[in-house]
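Notes follow the structure.
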């Protein structure tokens with residue numbers, strides 16, 4: 001076929017790949033993959049599109065997926081907490097309670113006694129050393145020693 005010069009007639013295929021057309025399923029898939037932390041280059045490979053095409057058609061999903069999914073999880077957590085799920089209630093209070101009232105929930109771990117002394121004295125002797133000895137003997141004697149070699 002001879003090279004044409006000038007525009008193609010209307011309705012004639014330009015050649016190349018067909019343009020990508022996003023669907024609700026691919027939008028949801030992109031959102032879920034973003035929330036899961038999958039890199040955009042890998043999302044493009046999964047959808048079999050270039051990363052530029054991904055950015056062009058899914059910019060909103062790429063920019064807001066994490067916030068939207070966290071909001072959905074927070075809503076489910078809130079519903080569980082309000083329905084009496086004690087674990088959900090504790091989690092909400094631990095993570096959000098102090099934002100409302102200082103000291104609403106505070107966990108501390110005491111690493112010393114009240115006067116600053118250690119809670120437990122240091123061990124006076126080293127713990128026993130266990131040696132494993134591999135032998136052909138069907139009933140070997142266990143070897144335990146308090147003295148490291």
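Of all residues in segment 27-68, which are buried (at least 17 other Cβ atoms within 10 Å of the Cβ) and under 15 Å from the mean Cα position of the chain (by Cα)? Passing the criteria: 31, 33, 34, 35, 65.
Counting only helices (runs of 4 or more DSSP H) that fall entirely inside segment 27-143 and contain at least 3 residues that are within 30 Å of residue 17 (Cα to Cα) and modelled with pLDDT of 85 or more, the qualifying elements are 40-47, 51-82.
The values are calculated or read from the model by the stated rules, or taken from the named source; none is laboratory data. Given the structure is predicted, the values throughout are model-derived calculations rather than measurements. Counting neighbours? That spans all protein chains shown, and the Cβs are built from the backbone with ideal geometry, glycine included.
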